[in-house]
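A.B. asks: The structure that follows is given in the form of structure tokens.
The values are calculated or read from the model by the stated rules, or taken from the named source; none is laboratory data. Only a predicted model underlies this, so the values are computations on that prediction, with no experimental measurement involved. For neighbour counting, all protein chains shown are included, and Cβ atoms are generated from backbone atoms with ideal geometry for every residue, glycine included. Accessible surface is based on the protein model in full, side chains and every heavy atom, while ligands, DNA and RNA are left aside. Shrake-Rupley method; radii C 1.70, N 1.55, O 1.52, S 1.80 Å.
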Amino acid sequence: MPSGAPTGENCLVDMDSKAGDLFSEDAHPTGTGGAGILARLWLPKGLSPSMAKEWIDRRRASIRPWASFVDQRKFSKPRNFGEFCQRVVKNVDTFNSNYTFIFLGLILYCIVSSPMLLIALAVFAGAFYIIHLKSLESKLVVMGKELNLPHQAGLAGAISLPVFWLAGAGAAVFWVLGATLFVIGSHAAFRELEPSDLEELFMEPV
């Protein structure tokens, strides 16, 4: 008996097409386009998982081998202050991506080891998300000025500031900065320069 419902292979094709629609650009609830399911979450304009992934991929592509990075045979005390400065400048440029991942690792360790900081970040993310959703429904205007994305983030930060204060976020920031400067500074100062870096120094005009 004929009916409007698809059957057999047609049904499978129809289900696949509907599943694919969830990840299509037309799936955005506001009708403005997006990036599939992630766009349905109404992510702020200018922020996308693809941008973050592209940034991480670039960093991973330029990272130096970790075995060479921590090779103890390539560490020595700088002979003078001039060599100290040369090592720091060149090594920061050479191992930039390695240092970036160390910095991110210290941030992650600090967050994971502090439950209150996790709660504070959750409050900030929730406040920012709600504010952004409200801005999509209608323009948010304060003192005659429309709140753009940085303003929305600032407002979310102000709302979550007491929670960050209770979580000791200030001390956490100083700890991360101090640990980063110590680890990266020590490595950059005591790590001997790569042969290619030495050749560049010799070729530089005096």
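A.B. asks: Among 120, 82, 166, flag the residue with its Cα farthest along the positive direction of the charge dipole of region 67-206, charges on Cβ as +1 for Lys/Arg and -1 for Asp/Glu.
C.D. replies: 166
A.B. asks: When you count, for each residue, the other Cβ atoms within 10 Å and take the mean per peptide, how do 65-75, 117-127 rank with the highest first?
C.D. replies: Result, highest mean first: 117-127, 65-75.
A.B. asks: Sticking with the crude label model, points 7 Å out along Cα→Cβ, report the distance from residue 60 to residue 74 in nm, one decimal please.
C.D. replies: 2.2 nm
A.B. asks: Can you pull the percent of region 63-206's accessible area that's carbon plus sulfur, 1.4 Å probe, other chains left in place?
C.D. replies: The nonpolar share, carbon plus sulfur, comes to 71 percent.
A.B. asks: Right, something else. Using θ = phi - 60° and the Karplus form 6.51 cos²θ - 1.76 cosθ + 1.60, what ³J(HN,Hα) does each residue of region 54-64 get, whole Hz, x for Gly and Pro?
C.D. replies: My calculation for region 54-64 gives 5, 5, 5, 4, 5, 5, 5, 5, 9, 6, 8 Hz in order.
A.B. asks: Stretched out fully, how many nm does the piece from residue 174 to residue 148 gain, at 0.36 nm a residue minus the Cα gap?
C.D. replies: Extending this stretch completely gives an extra 6.4 nm.
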